[in-house]
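Please read the structure below before turning to the comments.
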Amino acid sequence: MFSVQFPPPLSQSQWVVQVLTLDYLIDGYTDERGSAAGFLHLISYKGKFLSMWLASARLQPTGSQSVPVHQASICTIPLNDAFVGVIPRDEASAQYAQNARNDMPLYAVQAEAYVGPYVMRGTLLSPNRNIADIDSSFAMQDAEIDCLTPGAQLHGLRVPYIVVHSPLIQAIMPLG
């Protein structure tokens, strides 16, 4: 099982988040007042910024790469085709994520989503009862993420919430 332990935010204005890309899981802090513009817009589905950054970042491979875990004081993450999703990892960012779509009803569907090299299983939150209307964005609660690449290092990552923004969504299937 792939798990990560997070220290509490360094200040009240920081959020603990993870970013999932095609090849890496990057965790760190983002500042809710300014540097989190990309995070805020991704979570609330209000557009796509060019990049976001994380402070005290730790990058770890999810596939079979033999890259050691790397830490840096700051990490810029381009929001391009390699970007898969963002995972809020503390109470403040999770609360924001869950409240960001209060302007529309969401329907909960147990589903399995194939996005790039990952399969995600959990409760998909759809703005429509028909998940066939989902294009390149969705949110999922209580998800488990596995990388399907042979020799992958990421298996059984449990996340309370993930917002996926990716042109690499290949299939979404209801479970049950």
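Read-outs: derived from the displayed coordinates by stated rules, not from any lab. These numbers come from a predicted model, not from an experiment. FYI the Cβ positions are ideal-geometry reconstructions off the backbone, even for glycines, and counts take in every protein chain you see.
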Quiz prompt | Difference of contour (0.36 nm per residue) and Cα-Cα distance, His155 to Met173 | solution = 4.5 nm
Quiz item: Which length gain, in nm to one decimal place, applies between Asp90 and Ser56 when the Cα-Cα distance is subtracted from 0.36 nm times their residue separation?
Solution: 10.7 nm
Quiz item: Ordered by residue, what ³J(HN,Hα) values in Hz, to whole numbers, does region 132-147 give under the Karplus form 6.51 cos²θ - 1.76 cosθ + 1.60, where θ = phi - 60° and Gly and Pro are x?
Solution: 5, 7, 6, 10, 10, 8, 6, 10, 9, 9, 6, 9, 10, 10, 10, 8
Practice problem: Sort out for me the Cα centre separation of region 145-176 from region 53-74, rounded to whole Å. | Solution: 19 Å
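Count the net charge of all other residues whose Cβ sits under 14 Å from the Cβ of Pro117, scoring Lys and Arg as +1 and Asp and Glu as -1.
Neighbourhood net charge equals -3.
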